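Visitor: Can you keep this structure in mind? I'll have questions shortly.
The values are calculated or read from the model by the stated rules, or taken from the named source; none is laboratory data. These numbers come from a predicted model, not from an experiment. Methodologically, a virtual Cβ is constructed for each residue, glycine included, from the backbone with ideal geometry; neighbour enumeration extends over all protein chains shown. To get the accessible areas, we keep the full protein, side chains included, count just its heavy atoms, and leave off ligands, DNA and RNA. Shrake-Rupley method; radii C 1.70, N 1.55, O 1.52, S 1.80 Å.
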Amino acid sequence: RNLMVILTRIYTLIFNNKKLLLIKLPDIKLKTYIRMNFDLLSSLSTVVILACMPRRLDSNALVCDCDLMWLGELMQGYARNGQTQAAATCEYPRSLQGRSIASLTVEEFNCESPRITFEPQDVEVTSGNTVYFTCRAEGNPKPKIIWIHNNHLLDLEDDTRLNLFDDGTLMIRNTRESDQGEYQCMARNSAGEVKTQNAMLRYSNPPAKPSFIIQPQDTEVLIGTNTTLECMATGHPHPHVTWTRGSGEALDESRHLATSGGLYLQNVTLQDHGQFTCHANNNQGSVQATANIIVQAPPQFTIIPKDQVVLEGHTVEFLCEAEGNPPPIIAWTKAGISMTMSDCLHTVLSSGTLRIDHAAHHDQGQYECQAVSPLGVKKASVQLTVKPKALPVFTQLPQDASVEVGKNINIPCHVQGEPQPIITWNKAGVQITESGKFHVSGEGMLTIYDAGQADQGRYECVARNSFGLVTANMFLTVVAIQGRQAGDDFVESSILDALQRVDSAINSTRRHLFSQKPRTPSDLLARFRYPHDPFTVETARAGEIFEHTLLLIQEHVKQRLTVDLEGREFRYNDLVSPHYLSLIANLSGCTAHRQVPNCSDMCFHQKYRAQDGTCNNLQHPMWGASLTAFERILKPAYENGFNLPRGVGLHALSGGYSLPPPRLVSTEMAATATVTPDHQYTHMLMQWGQFLDHDLDHTVPALSTSRFSDGQSCSSVCTNDPPCFPIIIPDTDPRGIRAPCMFFVRSSPVCGSGMTSLVMNSVYAREQINQLTAYIDASNVYGSSERESQILRDYSEPRGLLRTGLLWVPSGKPLLPFSAGPPTECTRSEQGSRSPCFLAGDHRANEQLALTAMHTLWFREHNRVATELSALNPHWDGDTLYHEARKIVGAQLQHITYSHWLPKILGEPGMKMLQNYQGYNPNVNAGIINSFATAAFRFGHTLINPILYRLNDTFGEIPEGHLPLHKAFFSPSRIIEEGGIDPLLRGLFGVAAKLRVPSQLLSLELTEKLFSTAHSVALDLAAINIQRGRDHGIPPYTDFRVFCNLTSVENFEDLQNEIKDSEIRQKLKKLYGTPGNIDFWPALMAEDLIPGTRVGPTLMCLFVTQFQRLRDGDRFWYENPGVFTPAQLTQLKQASLARVLCDNGDNIQQVQADVFVKAQYPQDYLSCSEIPRVDLRVWQDCCEGQLFNLHRILYPCSLEIWECPGRVRELSLVIQYNLPHLPYHLL
């Protein structure tokens, strides 16, 4: 180290003063230094050389050999220039002793130039081995061996793999590819140098998997700075090095730069904290090494608490979250005093949130949130204001009022309270919503437009806040105006015109649908959904004629301008006088086609359901019956208050925003190519939902698919001209190239409100017809009318069976019978072939193959039960066997739905809301709610897989393969030709359902390929759902939130509790502009699932409401005492869908105990012999081999008993047990 300091000073002196060089070195270093710097020294004008000892140079004992020849040459040069200032005299060898070194000749120094005695040879080496190059040389002085690689001197000090032996041999250890090339040996001494010929090192590398030379190491780095994770690898071929985040996240390419030596991270952020993995890959394999970037960051708030105003007694939470590394600790203070983690009413949660329970006045004040870490402290202050609570109190009560027909009326209702109460209005238990008929102002005033007799009645103002609610009632009387109205003159001509137009369009539609092969998806769908029952057709026709007559009258009046429309288009009640309104009802057929149920056969109705659902509720025999109007929990929202869908009219909607096209909502929010499998439940969860839905509701579609005005087909025009209501395709939609709109026709209206009164003196808002019974009664197996049931029954012998079709040969079990009436043919579009359609209790049985398989399963179950009952009770006639089997099958559907299916959908929270069964309540209407059928129960569309799986008996794919969903529509022949129903059923309970993710709603199979055929525009199920909601006057989403007691919504951020994904909320805002416009169905589907359920909060509310009504309002509910004996009920509770599959599949031998729950095959599957079954022996009539008949035992029917000698006492006990209301003398 001292020598280096000296040399540095010498160099400085040389370059600053080119005259004098003073060298003061140890003797041993002297000649080495001068030899190395000979050229430099020769250029100086003066050189002074001193030894370490203070004596003259010539006093040294100099050995004048070849090593000192340089000094002689130096001295001779100075002597020639006259600059000699020093003398040097030889001491050795003896022959030169005493002579001046400057006088010696070259020969006298005895120098010998190097000569090579052994040259290096070519070598070949493989990776990792050691190689030797030998080189020997002679000369005087002894030559130094130097090695050259590819014309560059080898640096033996920096590369520890290289070693030079004393004899000049070069050793290279752990050879690698960079070592290959030419090697040359150079021998050098003071007399000269010599080089050998080149020797080649040939490198051959056998394939080798990567290995790391340098692995990345854990690194601590301060936020905002840069760092490098080093990583180098070797292998053959040379490996490719890549980087990933340990969490699987992609690298931020703008800041994370991969270099040859590692990964360079610029401007490190907290998001960089965590693992980074270096991957080295070649065709021999891969290795990886992981290191952690430990980001040190001072605290920064991610959520800053905000000032809050709360009511006394409420809980308040101040959110405060911070990030940093190390993670900061959140502490709270009030007025400078630290708050403990919990003091009963004040709690600091682990997240940093300060919760104050039951806020009181003394809690008011300023609070400070502190984020503390070793790197610093961050603070944020908030103010809490506590206001005293106040229940709602009316400041202005609504008063009874009267209004003339056709006029508007305002009904005030004002209230105060803290928090400010929300005011809603009800009529007859149904919540009023914003529409062309009603308006509720922010202050609570109710406005009724175009009052009619239908608006007469009691109204209830409901004011509620978080502390309670108060109500006030008023009665509105609607006064009819005597005399003629402006539209009376046009009644006769308009009704004749309407009759001609409607009938012409209906007849044209029938010819188009049933006289030729369907040409488009819309034709196919319309054909299968067209009502077949004559009474259904006539009921729907009457409603269309009634409504179209009013439309024509209005057009006539507008032309005359004799009615003051007050800038509104929807004045109907002052259009026609009550007398003429009743005349229109009579002439259109509305009055003639009102159902009048006959419940006189009490012996039958006490024991069995009517086929059409009538007489279930003996006080209200039409409740839940087929061909009645859907129920409402909210008043319909039509733009004109009568029948015009939202968004169709000229009036601005809420906030001045127009409604978006349903197709645009579908493409922006619903359609997805991504499917997330449900980790808990099978695809059977979806299929049971669809099968159940087809037991509950089926809206009667328009009888015409052509415009009433001119008969043009709705599929070829894009105008809102009844009954056409096309789905407009936006210009930016790729579908718009093929067609500007998508086929859609409105549902048929019911006359008036669907009431049974024969007097029609008012115009009612449009209602739709449910052509099925509302009850869970297996109407999808047996039909919803007496006519349908007779077509389905097998009357060839009195065994109570349903008609059967072809036998499926492998199992010997029958398929469904073929349909004899239209539509008789189902078409496979890709082949153009035709095949018969199957006949079932619901006309939609052929829509898709899995649904057809379920219908096959349950029709077989009926015949199985009826056959077993016949064997147990050979004295029962065919009707008794049919009705008893039907009763058992319906009970099984009820039990499976409420005990096995609903708990998966509603979870524990929903089942608690549903509550346990408390018995039949005749005041509950079990009718299907319109918004449930039109929106809520269509949640099942989000569970549909895009693939229909078909599995063999070992749960592998069948030879014919799985089916894309669009190929399973209307193709029942595949059941006959491609393996029967078992592969489809196994694909339902052996494959996971699609999980409803708010950003993944409907598969593209449903939005882009629904009922698709060649050269036609496929339908879009999501767009259809939205359009159907508008068609039915379903109020917007925010109105249902009020009904379900959810928080009120002023802006889209108010939805964050139910829709946490901000991107979805932004999409809703972009589409709808204001929350008041949001359609019900897409919002329901976008709500986050409640943990443990498959529904969101609003959907939960509607499900609980509907399923409570279906259960509590059904007199024949299977748990209702007296419907079944206790022993029979015990057996019915053994029922399961797994057992039905085992009994009625073609050859299903293994199932999981609960087919709705995912299971691993084969370990989680059971043999069918292990699945409990319903023991039908408890339905057996027996008495020591003699028979008795108890089929007419309920009061007031006569008691008929076949005598059983010796068993009278026991028989009496049985009757007493089951019929305690019978007079004792009858026993």
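Visitor: For helix 878-895, report the angle its Cα long axis makes with the longest principal axis of the Cα atoms of the chain; keep it between 0 and 90° and round to the nearest 10°.
Guide: Result, in degrees: 40.
Visitor: Also: From the P(r) of region 390-479, could you give the percentage of C-alpha pairs in the tail past 20 Å?
Guide: In whole percent, the long-distance tail amounts to 30.
Visitor: Related question: If eta is 0.890 mPa s and T is 25 °C, what Stokes-Einstein diffusion coefficient results for region 112-203, Kirkwood Rh from Cα pairs, in µm²/s?
Guide: Answer from the Stokes-Einstein relation: 185 µm²/s.
Visitor: Using the structure shown, list the pairs from Lys635/Lys904; Lys607/Lys1133; Lys887/Lys967; Lys334/Lys387; Lys407/Lys427 with a Cα-Cα distance above 24 Å, or answer none.
Guide: The answer is Lys635/Lys904; Lys887/Lys967.
Visitor: Now a separate question. For Gln712 and His414 in one chain, what is 0.36 nm times their gap in residues minus the Cα-Cα distance, to one decimal in nm?
Guide: Result for the pair: 102.1 nm of gain on full extension.
Visitor: Another question about this same structure. If packing is taken as the average number of other Cβ atoms within 10 Å across a peptide's residues, how do 921-932, 117-128 rank, most packed first?
Guide: Put in order of decreasing packing, that is 921-932, 117-128.
Visitor: What distance in nm separates the two pseudo spin-label positions at Gln1056 and Ser515, each 7 Å out from Cα along the beta-carbon direction?
Guide: Distance between label points: 6.3 nm.
Visitor: Rounded to the nearest percent, how much of the accessible area of the chain (1.4 Å probe, protein heavy atoms only) is carbon and sulfur?
Guide: 51 percent
Visitor: Sticking with this structure for a sec: How many angstrom lie between the Cα centre of region 318-368 and the Cα centre of region 1095-1160?
Guide: Cα centroid to Cα centroid, the span is 49 Å.
Visitor: Still on this model: Could you tell me, in Å, what Rg and Dmax come out for the Cα atoms of the chain?
Guide: According to the Cα coordinates of the chain, Rg and Dmax are 47.7, 165 Å.
Visitor: Ratio of alpha-carbon Rg to the 2.2 N^0.38 Å globular estimate for region 212-270, to two decimals, please.
Guide: In units of the 2.2 N^0.38 Å rule of thumb, it is 1.18.
Visitor: Still on this structure: At 1.4 Å probe radius, can you tell me the per residue accessible area of the chain in Å²?
Guide: Here the residues of the chain average 44 Å² of exposed surface.
Visitor: Would you report the distance distribution of C-alpha pairs in region 779-1144 as whole percents per 20 angstrom bin, up to the bin with the largest distance?
Guide: Bins of 20 Å from zero give 25, 56, 19, 1 percent of pairs.
Visitor: Stretched out fully, how many nm does the piece from Gln97 to Asp1175 gain, at 0.36 nm a residue minus the Cα gap?
Guide: 374.7 nm
Visitor: For Thr682, what residues show an amide H to amide H distance below 5 Å, using hydrogens built from the backbone and excluding near sequence neighbours?
Guide: So Thr682 has HN proximity to Ala993, Val1157, Lys1158.
Visitor: Report the gain in length on full extension from Val997 to Ser493: 0.36 nm times residue separation, minus Cα-Cα distance, nm rounded to one decimal.
Guide: Separation in residues times 0.36 nm, less the Cα-Cα distance, equals 176.0 nm.
Visitor: Could you tell me how many degrees, from 0 to 90 and to the nearest 10, lie between the Cα long axis of helix 1208-1218 and the main elongation axis, the longest principal axis, of the Cα atoms of the chain?
Guide: 60 degrees
Visitor: Give me the Kirkwood hydrodynamic radius of region 304-387 in Å, from all C-alpha pairs, to one decimal place?
Guide: One decimal place: 12.9 Å for the Kirkwood radius.
Visitor: A further question on this structure: What angle do you read, to the nearest 10 degrees and between 0 and 90, between the alpha-carbon axis of helix 534-560 and the longest principal axis of the chain?
Guide: Computed tilt is about 80 degrees.
Visitor: Could I ask something else about it? Write out the trypsin sites (Lys or Arg not before Pro) in region 113-168 meeting two conditions: DSSP loop, and at most 16 other Cβ atoms within 10 Å of their Cβ.
Guide: Arg161
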